[in-house]
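Trainee: To start, I am sharing the structure in question, which I have written as structure tokens.
The values are calculated or read from the model by the stated rules, or taken from the named source; none is laboratory data. Since we're looking at a predicted model, the values are computed, not measured. Backbone-built Cβ (ideal geometry, glycine too); neighbour counts: all protein chains shown.
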Amino acid sequence: MKPNELVASAIGRERKRAGLSLSALAIKADLAKSTLSQLEAGKGNPSIETLWAIACALEVPFSFLFENDTPQRRLIRVKEGEKLVSECAEFSAVLLDKCPPRRQRDLYRVDLNAGSERTAKPHSIGTIEHAFVSSGTVLIGPTGAKEELHSGDYFCYRGDLPHAYQAISDTASIMLIMETGH
């Protein structure tokens with residue numbers, strides 16, 4: 001599904017969940033009804049401000065305007081991802097992932113030195129790990145499915161399988177998010 005289709009589907013779903021007509025949401029978000037209609041039809045390229053106004057009007061988190069499913073594995077290279085651009089400033093953002101309902105996340109900064117591999121036993125069933133490389137180059141992921149990641153790359157993989165982390169450069173730093181159900 002294309003990014004505009006995901007946003008279109010989410011706007012329609014959340015609008016219906018809120019019990020709002022297209023006109024009522026347009027008024028509440030201070031948008032033209034035609035603009036909102038185009039977005040809900042999957043047309044147009046909404047800015048961060050437009051999506052933020054819609055999320056606020058719907059009284060939902062910004063991330064609800066994107067797909068809810070968390071895949072078992074996702075790799076986003078530094079130049080990839082759907083970039084949302086501001087109309088008001090030199091600012092852009094790429095949503096890498098959002099926390100699904102009934103889940104919790106712990107955030108770690110992991111500093112690695114070349115020469116040794118940190119192997120990890122499987123965590124509890126359903127654990128997902130999100131790794132974002134802030135510096136250096138690492139080899140990371142489940143046994144038999146590791147990926148070489150460079151600064152700026154993001155990788156989502158199952159943490160309930162044996163997995164490992166290893167610096168390929170002299171040093172590396174990653175942000176590691178462990179997501180579990182509760």
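Trainee: Regarding segment 139-149, can at least one residue be identified that is charged (D, E, K, R) and in contact (Cβ under 8 Å) with a residue 40 or more places away in the chain?
Mentor: Yes, because at least one residue in segment 139-149 is charged (D, E, K, R) and in contact (Cβ under 8 Å) with a residue 40 or more places away in the chain.
Conditions (1) in contact with a Pro (Cβ under 7 Å, 6 or more places away or on another chain); (2) assigned by TED's automatic domain parsing to the domain that holds Ser63; (3) not small (Gly, Ala, Ser), marked per residue:
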position	(1), (2), (3)
Val110	no, no, yes
Lys121	yes, no, yes
Ser135	no, no, no
Val138	no, no, yes
Thr143	yes, no, yes
Glu148	no, no, yes
Asp153	no, no, yes
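Trainee: Can you tell me which of (1) at pLDDT 85 or above; (2) out of contact with any Lys or Arg (no Cβ under 8 Å at 6 or more places or on another chain); (3) closer than 29 Å to Leu84 by Cβ is the one Ile128 doesn't meet?
Mentor: Single failed check for Ile128: (2).
Trainee: I would also like to ask the following. Select from segment 43-59 the residues that are polar (S, T, N, Q) and touching a Ser or Thr at 6+ places or on another chain (Cβ under 7 Å) and list them in ascending order.
Mentor: Ser47
Trainee: Does segment 43-57 hold any residues that are of a type in the set (D, E, K, R) and assigned to a helix (DSSP H, G or I), and which are they?
Mentor: Once the filter is applied, which keeps residues that are of a type in the set (D, E, K, R) and assigned to a helix (DSSP H, G or I), segment 43-57 yields only Glu49.
Trainee: Scan segment 29-52 residue by residue and report those that are farther than 20 Å from Lys2 by Cα, among the small types (Gly, Ala, Ser) and surrounded by fewer than 18 Cβ atoms within 10 Å (Cβ to Cβ).
Mentor: Those that are farther than 20 Å from Lys2 by Cα, among the small types (Gly, Ala, Ser) and surrounded by fewer than 18 Cβ atoms within 10 Å (Cβ to Cβ): Ala32, Ser34.
Trainee: Follow-up. Kindly indicate whether any position in segment 148-158 is part of a loop (DSSP other than H, G, I, E, B) and over 21 Å from the mean Cα position of the chain (by Cα).
Mentor: no
Trainee: Here is a follow-up. Run down Leu84, Leu75 and say which single residue is closer than 20 Å to Cys99 by Cβ, at pLDDT below 90 and either in contact with a Ser or Thr (Cβ under 6 Å, 6 or more places away or on another chain) or buried (at least 17 other Cβ atoms within 10 Å of the Cβ) (or both).
Mentor: None of the other options fit; the residue is Leu84.
Trainee: Could you list, ordered by first residue, the pairs with Cβ atoms under 7 Å in which the first is in segment 24-36 and on the phi > 0 side of the Ramachandran plot and the second is surrounded by fewer than 20 Cβ atoms within 10 Å (Cβ to Cβ), at least 6 apart or interchain?
Mentor: Close Cβ pairs (under 7 Å, with a partner that is surrounded by fewer than 20 Cβ atoms within 10 Å (Cβ to Cβ)) amount to Asp30/Ala53.
Trainee: Go through segment 19-42 and count every residue that is among the small types (Gly, Ala, Ser), closer than 28 Å to Gly81 by Cβ and in a helix (DSSP H, G or I).
Mentor: Residues meeting the conditions: 2.
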